[in-house]
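Here the structure comes first, spelled out in structure tokens, and everything after it is commentary.
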Amino acid sequence: MNILITGGSGYIGSYLVKLLVEQGHAVDIIARSENEFIRTFSDKIGVYYADITKPFEFEVKDIQYDIFIHLGAANDIDSSDPSYAINASVLGTRYALDFCVKNNIKKAIYYSTFQVYGYVEGEMTENSVLLPTNDYGITHQFAEQYFEMYQRTKGIDYIIIRPTNIFGSPMFKSTDRWTLVPSCFCKEAMDKGEINLLSSGLQKRDFIDVNDLVAVSARYCVDFESHKNKVINVSSGVNYTIVEIARMVASEYKRLFQKECKVNIHSEHPTNENVFYLCRDEVSKIECNFGGKERMIKEIDTIFNILKK
């Protein structure tokens, strides 16, 4: 299968590209600039260079792509600049879909986010009302609507994936996603010998290993027709409070480095654990084993090893 991916050299994209190549697919990516991942995988993938905030002007090679995967967007930190968030996540999606029309690509997978739901309390299904509370969420909601519109008007079928909180070591240290939990806790432990929570840490969240996320995505590439034109929550079904993860990190830090790591809690709020679940009926239709606590601890150890080097 010929697959083209925007954001293919980023945090999630690097894992996805590696898996798809291992499975025997022909993979090309669209990237803004060369980086460590591209240099490492240059003999296994093709690369087009483009800025997703502008119309794609490059000509594709003599290849008919079977699936277009759209990962290129402003991340949660970049989205603090609303102008960039709109240009990258909304206009970037429009330009990507125009590219698909021009190159007769009829199948697309889009990585959205659970943050389109907004308030993280209760059970959210794919049909829940979307009430985003930040630019990251609302720009992804807008991008989802572009996919729906292009399906109606241009015949591009889609699968929209809404992943929950993603965790896992970056494939390369230069991949700048050190704000994600538990990576940020690992980094603070290494830098300061302590972890500081600005809240009580009682917020409960579902965390999915990046390896599990891309495994699900690879399955949807192969079995696209059975899931086309659906929105699918992708979560592990395993929930932790933030303070639980901070304490896991502190425990592993002590085990690995024989040093204490204190977890400092700077607020009493929220005062109770909230209940938040993403409905998993759709994602459960495919066979995929999601890792639990042992996977979280394994990734924490891997992150520490990367930081140590």
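For the range 4-102, which trypsin sites (Lys or Arg not before Pro) are both in a DSSP coil and crowded by at most 10 other Cβ atoms within 10 Å? Kindly include the intermediate steps, with their values, before the conclusion.
On the way: sites: K18, R32, R39, K44, K61, R94, K102; in loops: R32, K44, K61.
Loop-located and lightly packed - K61.
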Rounded to the nearest 10, the angle in degrees between the Cα long axis of helix 293-308 and the longest principal axis of the Cα atoms of the chain comes to 90
Two pseudo-spin positions, 7 Å from Cα along C-beta at E260 and at V222, lie apart in nanometres by 5.1
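Going by how many other Cβ atoms sit within 10 Å of their own, how do H266, H140 line up, fewest first?
H266, H140
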Ranked from fewest to most other Cβ atoms within 10 Å of their own Cβ, T113, T153, T175 fall in the order T153, T175, T113
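Counting only GluC sites (Glu not before Pro) that are in a DSSP loop and have at most 10 other C-beta atoms within 10 Å, tell me the longest site-free stretch of the chain. Display every interim value, and only then the final one.
On the way: sites that count: E57, E59, E260, E268, E287.
No qualifying site falls inside 60-259, the longest such stretch.
Give me D for the range 88-231 in µm² s⁻¹, whole number, from Stokes-Einstein with Rh from the Kirkwood sum over alpha-carbon pairs, 10 °C and 1.306 mPa s. List each step's numbers first, then the result.
Values: Rh = 17.2 Å.
The estimated diffusion coefficient comes to 92 µm²/s.
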Expressed in angstrom and rounded, the centroid-to-centroid distance over alpha carbons for the range 108-175 and the range 214-248 is 12
E287 and V275 label points (each 7 Å along its Cα→Cβ direction) are spaced in nm at 3.4
In units of 2.2 N^0.38 Å, the Cα radius of gyration of the range 206-290 is 1.49
The residues S42, S33, S251, S112, sorted from fewest to most surrounding Cβ atoms within 10 Å, come out as S33, S42, S251, S112
Restricting to aspartates and glutamates and to Cα separations under 18 Å from K309, and discarding same-chain partners fewer than 8 apart, the set is E36, D176, E188, D191, E252, E299, D301
Across I69, I286, I109, the residue with the highest GNM fluctuation in the chain (Cα network, 10 Å cutoff) is I286
Subtracting the Cα-Cα distance of K173 and N104 from 0.36 nm times their residue separation yields 21.2 nm
Mean separation of Cα contacts under 8 Å (at least 6 apart) over the residue count of the range 102-183, i.e. the relative contact order in percent, is 35
For the range 125-207, listing trypsin sites (Lys or Arg not before Pro) in a DSSP loop whose Cβ sees at most 16 other Cβ atoms within 10 Å gives K173
Non-local residues with an amide H under 5 Å from the amide H of V234, with H modelled 1.01 Å from N and Pro and chain starts lacking one, are R162, T164
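Can you tell me, using C-alpha contacts under 8 Å and at least 6 residues apart, the relative contact order of the chain as a whole percent? Mind showing how you got there, number by number?
On the way: 579 pairs, mean separation 55.6, N = 309.
Dividing the mean separation by the residue count of the chain yields 18 percent.
When only Cα pairs under 8 Å and 6 or more residues apart are kept, what is the percent relative contact order across the range 1-55? Before the final figure, lay out the partial values.
On the way: 72 pairs, mean separation 19.2, N = 55.
This gives 35 percent for the range 1-55.
Please give the net charge around A143, taking every other residue with its beta carbon less than 15 angstrom from that of A143, where Lys and Arg add +1 and Asp and Glu add -1. Numbers along the way, then the final one.
Working: positive: R94, R162; negative: D76, D78, D98, D135, E144, E148.
So the environment of A143 carries a net charge of -4.
Wrap a convex hull around the Cα atoms of the chain, take a quarter of its surface area, and give that in square nanometres. Intermediate results must be reported in sequence, preceding the final value.
Numbers: hull surface 62.5 nm².
Value for the chain: 15.6 nm².
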So, over other residues within a Cβ distance under 15 Å of V120, counting Lys, Arg +1 and Asp, Glu -1, the net charge is -2
Percent antiparallel among DSSP beta bridges confined to the chain, rounded to 5, stands at 10
Hull volume per residue for the range 1-149, using the convex hull of the C-alpha atoms, in Å³ is 123
Of the convex hull drawn through the C-alpha atoms of the range 48-95, the volume per residue in Å³ is 75
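The numbers here are math on the coordinates, done by the rules we state, and not lab data. Remember, it's a predicted structure, so these values are computed and weren't measured experimentally. Because the Cβ atoms are built from the backbone with ideal geometry, glycine has one as well, and the counts that use them run over all protein chains shown.
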